[in-house]
Structures are given as C-alpha cells and as structure tokens.
Amino acid sequence: MIDNAGLDQLCINTLRTLSIDAVQKARSGHPGTPMDAAPAVYCLWQRFLRYDPDAADWPNRDRFVLSAGHASALLYSLLHLCGVKVANPSCGQPGDLAVTLDDIKGFRQAGSRCTGHPEYGWTSGVETTTGPLGQGVATSVGMAIAQRWQAATYNRPGYDLFDHNVYALCGDGDMMEGISGEAASLAGHLELSNLCWIYDDNHITIEGPTRITFTEDVAARFFSYGWNVARVDDANSLEMLTRGYKTFLDTHDRPTLIIIRSHIGYGAPHKQDTREAHGEPLGLQEARLAKEFYGWDPDAKFYIPHGVTSHFEENLGRRGAAAHAVWAELFAGYRRQYPDLADQIDRIQRRDLPDGWDVGLPIFPPDAKGMATRDSSGQVLNEIAAKIPWLLGGAADLAPSTKTHLSFDFAGEFQPHGEDGDYRGRNFHFGIREHAMCAIANGLSLSKLRPFAASFLIFSDYCRGALRLSAMMGLPTVYIWTHDSISMGEDGPTHQPIEQLASFRAMPGMIVLRPADANEVVEAWRVIMRVKDCPVSLVLTRQAVATLDRTQYAPASGLSHGAYVLADAPDHRPDVLLLATGSEVSLCIAAYEQMTLEGIKARVISMPSWELFESQSREYRDSVLPPEITARVAVEEASAFGWERYTGFDGTILGLHTFGLSAPMKVVEQHFGFEPAHVIAAAREQIARHAAKQRCGEADPTSRSSE
Ligand SMILES: Cc1ncc(C[n+]2csc(CCOP(=O)(O)OP(=O)(O)O)c2C)c(N)n1
Ligand SMILES: [Mg+2]
C-alpha cells in the first residue's frame, strides 16, 4: 500500500513524465521547466487552489496563470490529471475532459487542445494566453485587481462572494522583462495581497546560466516594490513549498513573491546538465534515464500509474467541488437578498449590458468650430459609464489629456485605502506604465469586467505585446488613443503617430475606429459597447474638429458600417471619391463644398473603420465605393501604407512618408499639404487622369472594386 507521501511523489513524477513524453513525441517544446517546477505546481493545486474541475468558469475560482508559457506541457498534464472539464463551447463539448490523453499525445499538432503555448478560449482551464514572457504575470495583476474591485463592489456582510486568489508561475525570463517590473510596481502600490507570483529561480535561460545576464537581487527589488518575499530553497520539498504558500495566505497587506530555487531538468541538482532539457526535447536516451531516475519503466510512454487521478480527485477535486457548492448556496441567498446586484453579476458573466444603457446619449448640434473628439468621447464615456457599473479603467498618467477620467460622483478612485480612494473606485491610475496597463486591462477583461485603457496614440507602441494578446484572445478591451495625428503639433515627431494606424489595421481581430466628429463619437461608443469578442482601438483628436450638420450630410449612424457616403454629387454619379477618416473628413468636406461651387461632382466617404467596412456585404461596399469610379483620393494624416486597397494603385493618397514636424498645428498641416486646396488639386488631377484613361479605353486592373 502506497502512503500519501508516496502518492504525492507519484503524481509529481507523472506530471513530469507526461510532459517529457509530450515534448519528445512532438520533437519540440520545453521539457526542463515542467520537470523542475512540477512539485511547486503540484503542491499549489493539491493543497491550496480553490478550483472545481467541473466548473472551470466558476467566477470565484482561484486563478492559476502559467506565465512561463513555454512550460505548457506541465499545464496540460495538470489539467488532464485533475480531470478539468470543458466549460466553454469554444473549447470543446462542455462536460468532456478539457485535455484528453490524446490531446497530450498530439501536443503542438493541429487540432490538439495542447497548443505550443497555452491559448485562452481554445483550452478550458487556460486562464490567459501566454508565451511572450512577462505578459502572464502582468495580466495576473489585472485579475487580482478585478477580484479586489468585485469584492469591494459586490460582497455584502455574510456574503463574501468574491474572495479568490491569483497565482502566477514565472521564470527568469518573466523577471527580466520590463513589463513585469511595471506590473509588480503597481501591484505593490495597490497592496494586492491576493496576488502570488511563484518564481522558478532555476538560474538558466536559453543562452545559458543567468550569471551572464541577470545578476540583480530579485528579492531586494520586490521588497522595494512593497511585496512580501518568501524563499523555498529546495524545489522538491513539499513541506517547504507548503510553508511558502502559507506565508502568502497569511500576508494581508501586500502581494507575495515566492522564490523557489530549482534546477532545470530532473529537478535534482546533481543531474543538472546544460545540454539537457533547455528548449528542446530530451532525446530518447535522456528521456529513458529521466524515467529511470523517477522510478518509471523507461519504456513506458504517456503512462499514468494507478491511483494518480484519484489522488487529484480526492484533494483538489473534492475541495474545489465543496467550495463551489458552498458558493452556489451563498449566491442563491445573495440573489434573494440583493436581486439587483446578482443581476449585475450575471450580466457581467455573460458580457451583457444593463437595459437602457444607451438611452439619452447626447446629440451634438452642428458647430463649425466644433470640439476635439477626445472631448466628445470623454462626455459620452461618462454618460455610458454612469449606467454600466462595471465599465472602468484609466490612463497611463494621461487621464486629463485623454479625457478618460470618470467624473460622476460615485465613480471613485481605485486605491488600496485612505483618502485617495478605495477598491470600489472605477478610475484606475496606471502610472506611466503603458505596457503593463494593457496587460492589466486584459486581466480585467478575462475577469469579465469591461475595461478601458488610454494613452496617446504614439505610445501604443509601448503596448504592442499586450494589444496583440487582446486581439488573439478576442477580449473586448477598449483602447482609447488620443493625439492621433501630426495635427497634435508642437511636440513634434517623437509624439506624432505615423505608422500606428496602419499597424493596428494589420493586426487580425482588432477593430479600429477613428470618428470624424462628435456625433460619430457617440455612434462609435454604441458600436464599442456591443462588441463582445474583440478589442477596439478608438482613435481621437487633440484638436477641435467641426461638428457636421447632419441635416445637410448623412447621419452619423453610418459609422456602424465602417464607411458611409457622407456627402455626394446631386445625381449620385460623382466623378471623384474622397475617402477620409477622423479629422481629415472635415478637410474633405471643405474641399467638397468648394468643388461643388466649381461644378465638380465629388463624393465624400467617411471611413472610420476599415474592419467594420470589410465585414459589410459586397453590395454595400460597392454602393459606397462604386467599382467604376476610379478617380479616388484618400486623405489621412498618417502613413500612406495600405490605402491603395481603396484608391487602387492609380489613386492618390495624401498621407505621410516621414515622421512629422515640430511646429504649431497649422504650420504642420500646411507643410504636409493637409489643406482643402491640396485635396482639390489631387481630385482634379485624378479626374483628368482617369478621364484620359477612359478615352483611351484602358482598364485599370488595380482599382476595380473595394475589395
Ligand atoms: C518576450 C519573449 N522573448 C523571448 C522568448 C523566447 N523564450 C522562450 S523560453 C525563453 C527562456 C526563458 O527562460 P526562463 O524564463 O528562465 O525559463 P526556463 O527556461 O528556465 O524555464 C525564451 C528566451 C519568449 N517566449 N518571450
Ligand atoms: Mg530559468
């Protein structure tokens, strides 16, 4: 009869050997980290994690984030052995095993739930997509913030509905990445005592030992961030690991970093071999030796000894199911006593909105002087946020400039305690930490809250890693980018965005919206709030733009189609199409009015979103951009890159090919030709060129349609 200690060891070694076999069969992946980190993860899941394998989407589950995404085989082995079930139809048949043994055998192969790196929305139990080092830990801060906010907002005496913890396993790479420093600094400031990072301190990365790259005192660094730091000197000691986790649970005023000294590979110092296990399969011979070392039959593959899954069931499984059942009871009582709050919690989980959330949104009167779209957006955001309690967020120290501060009475500031605010606050102060801000927004979004994050468009470059993951995960995070063009003026080329719009448009799964005036801003927010499965970048001006007279021009509701005919030739048979987004729409309208006086037939197309436009029917697209009208001018104060798709190669693109200019707005605009006269000249030239072509009977194959 095997005792509990023996069973623990058997389970740990099963995690290890499954990982070895998965990587070996795939001939790719990282077996070393699963081998050394298996005890830490085992101890956490078996002895502490409150997680019901039958309900991987239970809102109050403890979160486990594998920030060291390259160690994915460890997570898959764990999900399989724990019997975690599919919770979401995007991850398979609900109720089936989230990860089957066949999935593990198909590690890194098409169709398997065991992708190279963990992918949220593809594998139940994967809390967030990881792989780009540093993202997981930063995202975990967002999850911890979400728990604090939900607890402060929804818990009531006797009803601790939200009291879960957030754990993240990370390695040297995560510790080196700047984003983890940003996130840890903020987590320390916010005193997130529900957050625990588990640092697999194995002193090695791909190029070799960390003594060649990473010699700082990590513990001292985290102490200075305001974290508690615990050390586990023997990665294989369940006793020491247990003490480490207890230290975390006993710490109530700060996050905890547990530094676990480990040795990559077998998990035994004397077996360490730099050749072994780093970023590549062990090889047949080494895999056999490892298995012998663990007391395994060296020829057994994907072997799960008797008693292993039941041991997980009796510990993690039983504890999780009981906690979940107690919670369900609690929530039933809560629902009786606080039906409105319970309804909010339900809607949050479904990503639904309160009824009537968009009733009474402002209609902005025509105004030639107009207002900056950042200003109209600030107004609309405040109106909407007042009605959607879980719409929350902030900026990277630029709330006053991005107009993203929620200023209604009950909005509040998110701070640990004291006169500056508390955890109920909906205004977040991310500090000048753009990259972490966006990863944190992802964490909030993964907890089903509706976050927004704001900065200047230019600094979206500092957010790229997290933005890409928002899009990949299909999270409805809202990004608000202001100071959206060279018209921001005096700050010059370092602050003038050029290629950012094109780069967003190149990113799969990101909707970009660059509204032309205050009423398009209202429509943009209507679209944004209905989106459930992808991030949106809302791109706004610093400078005032005219509020168009919608009795004269088409209604702003056309925005929802991505592009619409704003102004047209009287007979709807224009000679030239003017395409523009954002602030350049007014410029085209000015050119259009002048051309109309001169008898030139033009059409102005406001095109706030390429992505929304491309999701329209062919018929609609052709009605906006008739294929036979090939005289086309696109106007956008940004990189010209990509506009050929709508102008054809013979069209004219008034865009930018340099980094802008440090000068007042008017001078910058003149310098680069963003003036009505220049647009008119380009339009005339287009009309003449295409008329000449038509006379010659020459077809232009590149400007056929709006595809
Ligand atoms: C941002 C980023 N840069 C580089 C990589 C490639 N990469 C994958 S694993 C790894 C080494 C990680 O070392 P460490 O975090 O110490 O993990 P260990 O190998 O010790 O498990 C690197 C550089 C990555 N995944 N993400
Ligand atoms: Mg390492």
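The values are calculated or read from the model by the stated rules, or taken from the named source; none is laboratory data. The shown structure was predicted, so the numbers you read here are calculated from the model rather than taken from an experiment. Quick reminder, even Gly has a Cβ in these numbers, built from the backbone with ideal geometry, and neighbours come from all protein chains shown. Ligands, DNA and RNA are excluded from the accessible area calculation, which covers all protein heavy atoms including side chains. Shrake-Rupley method; radii C 1.70, N 1.55, O 1.52, S 1.80 Å.
Some observations on this one:
- From GLY171, GLY178, GLY226, residue being farther than 16 Å from ALA71 by Cα and within 12 Å of ligand 1 (Cβ to nearest atom): GLY178
- Qualifying residue in region 324-339 (condition: surrounded by fewer than 18 Cβ atoms within 10 Å (Cβ to Cβ), under 30 Å from CYS534 (Cα atoms) and of a type in the set (Val, Ile, Thr)): no
- Hits in region 205-245 - residues which are open to solvent by less than 90 Å² (accessible area, probe 1.4 Å), outside any helix (DSSP H, G or I) and of a type in the set (A, V, I, L, M): VAL229, ALA230, VAL232, ALA235
Residue by residue, here is whether (1) open to solvent by 20 Å² or more (accessible area, probe 1.4 Å); (2) in contact with a Ser or Thr (Cβ under 7 Å, 6 or more places away or on another chain); (3) closer than 30 Å to ALA386 by Cβ holds:
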site: VAL539; (1), (2), (3): no, no, yes
site: ALA546; (1), (2), (3): yes, yes, yes
site: THR551; (1), (2), (3): yes, no, yes
site: LEU566; (1), (2), (3): no, yes, no
site: ASP571; (1), (2), (3): yes, no, no
site: ILE589; (1), (2), (3): no, no, no
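- Filtered residue count, region 162-186, keeping only those that are outside any helix (DSSP H, G or I), crowded, with 21+ Cβ neighbours inside 10 Å and more than 16 Å from ligand 2 (Cβ to nearest atom): 5
- The set of residues from region 191-204 being under 27 Å from the mean Cα position of the chain (by Cα) and either buried (at least 23 other Cβ atoms within 10 Å of the Cβ) or within 13 Å of ligand 1 (Cβ to nearest atom) (or both) comprises LEU192, ASN194, LEU195, CYS196, TRP197, ILE198, TYR199, ASP200.
- Failed condition for TRP149, given (1) away from ligand 1 (no atom under 13 Å from the Cβ); (2) free of Cβ contacts under 8 Å to residues at least 12 places away in the same chain: (2)
- Elements of the type helices (runs of 4 or more DSSP H) sitting completely within region 597-707 and holding at least 3 residues that are open to solvent by 40 Å² or more (accessible area, probe 1.4 Å) and either closer than 23 Å to ARG514 by Cα or in contact (Cβ under 8 Å) with a residue 60 or more places away in the chain (or both): these cover 618-624, 665-671, 676-696.
- Test result for ARG288, open to solvent by 60 Å² or more (accessible area, probe 1.4 Å), in a helix (DSSP H, G or I) and either under 30 Å from ARG156 (Cα atoms) or aromatic (Phe, Trp, Tyr) (or both): no
- Count of region 107-123 residues, restricted to those that are open to solvent by 10 Å² or more (accessible area, probe 1.4 Å) and in contact (Cβ under 8 Å) with a residue 40 or more places away in the chain, is 8.
- Flag set for ASP484, criterion: of a type in the set (Asp, Glu), crowded, with 24+ Cβ neighbours inside 10 Å and in contact with a helix residue (DSSP H, G or I) (Cβ under 9 Å, 6 or more places away or on another chain).
- Residue in region 486-505 that is closer than 18 Å to GLU119 by Cα and more than 16 Å from ligand 1 (Cβ to nearest atom) present: no
- Selection count, region 345-358, where residues are touching a residue at least 12 places away in the same chain (Cβ under 8 Å) and either assigned to a loop (DSSP other than H, G, I, E, B) or surrounded by 18 or more Cβ atoms within 10 Å (Cβ to Cβ) (or both): 8
- Residues of region 61-78 include none that is modelled with pLDDT of 95 or more, of a type in the set (Val, Ile, Thr) and over 21 Å from the mean Cα position of the chain (by Cα).
- Those residues of region 82-100 which are more than 27 Å from the chain's Cα centre (by Cα) and over 13 Å from ASP54 (Cα atoms), in sequence order: THR100
- In summary, TYR479 fulfils each of the numbered conditions (1) in contact (Cβ under 8 Å) with a residue 60 or more places away in the chain; (2) crowded, with 24+ Cβ neighbours inside 10 Å; (3) not in a helix (DSSP H, G or I) with the single exception of condition (1).
- Scanning region 83-105 for residues that are in a loop (DSSP other than H, G, I, E, B) and either of a type in the set (S, T, N, Q) or crowded, with 24+ Cβ neighbours inside 10 Å (or both) returns VAL84, ASN88, GLN93, ALA98, VAL99, THR100.
- Single condition LEU7 does not satisfy, out of (1) open to solvent by 20 Å² or more (accessible area, probe 1.4 Å); (2) outside any loop (DSSP other than H, G, I, E, B); (3) farther than 21 Å from ALA321 by Cβ; (4) touching a helix residue (DSSP H, G or I) at 6+ places or on another chain (Cβ under 6 Å): (3)
- Of the residues making up region 520-535, those that are more than 19 Å from LYS387 (Cβ to Cβ) and surrounded by 24 or more Cβ atoms within 10 Å (Cβ to Cβ) number 2.
- Where ARG261 falls short, out of the listed (1) within 16 Å of ligand 1 (Cβ to nearest atom); (2) modelled with pLDDT under 95: (2)
- The set of residues in region 57-77 being polar (S, T, N, Q), more than 16 Å from ligand 2 (Cβ to nearest atom) and not in a helix (DSSP H, G or I) consists of ASN60 alone.
- Residue in region 126-145 that is at negative phi, in a helix (DSSP H, G or I), within 16 Å of ligand 2 (Cβ to nearest atom) and open to solvent by 10 Å² or more (accessible area, probe 1.4 Å) present: no
- Region 297-314, residues that are open to solvent by less than 50 Å² (accessible area, probe 1.4 Å) and either assigned to a helix (DSSP H, G or I) or out of contact with any Lys or Arg (no Cβ under 9 Å at 6 or more places or on another chain) (or both): ILE304, PRO305, GLY307, VAL308, SER310, HIS311, PHE312
- Residue count for region 187-211, restricted to those that are within 12 Å of ligand 2 (Cβ to nearest atom) and touching a Leu at 6+ places or on another chain (Cβ under 9 Å): 2
- Some residue of region 505-516 being in a helix (DSSP H, G or I), hydrophobic (A, V, I, L, M, F, W, C) and surrounded by 24 or more Cβ atoms within 10 Å (Cβ to Cβ): no
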